[in-house]
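Below is one structure, written out as structure tokens; the observations come after it.
The values are calculated or read from the model by the stated rules, or taken from the named source; none is laboratory data. Given the structure is predicted, the values throughout are model-derived calculations rather than measurements. For neighbour counting, all protein chains shown are included, and Cβ atoms are generated from backbone atoms with ideal geometry for every residue, glycine included. Side chains included, ligands, DNA and RNA excluded: accessible areas come from the protein's heavy atoms. Shrake-Rupley method; radii C 1.70, N 1.55, O 1.52, S 1.80 Å.
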Amino acid sequence: MAGQTVVLRPTTAAHVPAFLDILSQPEVAKWWGGYDLERVRRELLGPQGYAVELHGEVVGLIIYYEEDDADHRHAGIDLALHPDAHGQGLGADAMRTMARHLFDARGHHRIVIDPAAHNERAIRSYTRVGFRPVGIMRSYERRLDGSWHDGLLMDLLPDDLH
């Protein structure tokens, strides 16, 4: 799937080393901690995972999940970029590209994302795409040190997409 700048490619085993490198970067690991070889293979490879590429180089990863219950149908997205790719609009481009896929090809009417409530960089990027804050989920996710932090639930409807 081609965005304005990035290309999203379905994940393969060949992406594992790049994903491990990205997830081991301190700026990424504080949000995506605890990924080892087995967890990357188990959670990030497969039909719902994509490598984010810039000029043929893997700079990130994006995954989605789907809630298929007819009364609650929606999709959720997670994104991680190598710190060298931060601040260039690549995350927003990847997010827009995935959102269009989920709306147009997968038939979703709503997409959610749940960054840490204090992850200002991610929240700014998601807001540029059109995501809106829904509310704070208190003590939502455990950090590597065992402490809990709040998450910000954000959602996106087709008419909100920028």
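The table that follows gives values for the structure above.
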| item | result |
| --- | --- |
| Ala117 long-range amide H proximity, modeled H, under 5 Å | Asp150, Gly151, Leu152 |
| Antiparallel bridge percentage (DSSP; both residues within the chain; nearest 5) | 95 |
| Options Ile63, Ile111, Leu81, ranked by Cα towards positive dipole end of the chain, top entry (Cβ charges) | Leu81 |
| Computed lengthening from His55 to Asp159, 0.36 nm per intervening residue step minus Cα-Cα distance | 34.4 nm |
| Other-chain or far-sequence residues with amide H under 5 Å of His108's (modelled H) | Phe103 |
| Magnitude of the charge dipole, region 1-79, Cβ model with Lys/Arg +1 and Asp/Glu -1, debye to 20 | 240 |
| For region 1-86: accessible area per residue (Å², 1.4 Å) | 52 |
| Computed E for Thr127/Asp68 - FRET, C-beta separation, R0 30 angstrom, nearest 0.05 | 0.60 |
| The chain - convex hull of alpha carbons, volume per residue in Å³ | 116 |
| GNM flexibility winner over the chain from Asp69, Asp36, Asp78 (Cα, springs under 10 Å) | Asp69 |
| The chain - charge dipole about Cα centre, Lys and Arg +1 at Cβ, Asp and Glu -1, debye rounded to 20 | 160 |
| Whole-percent carbon and sulfur share, accessible surface of region 1-105, 1.4 Å | 48 |
| Charge tally in the Cβ shell below 10 Å around His162, where Lys, Arg are +1 and Asp, Glu are -1, His162 excluded | +1 |
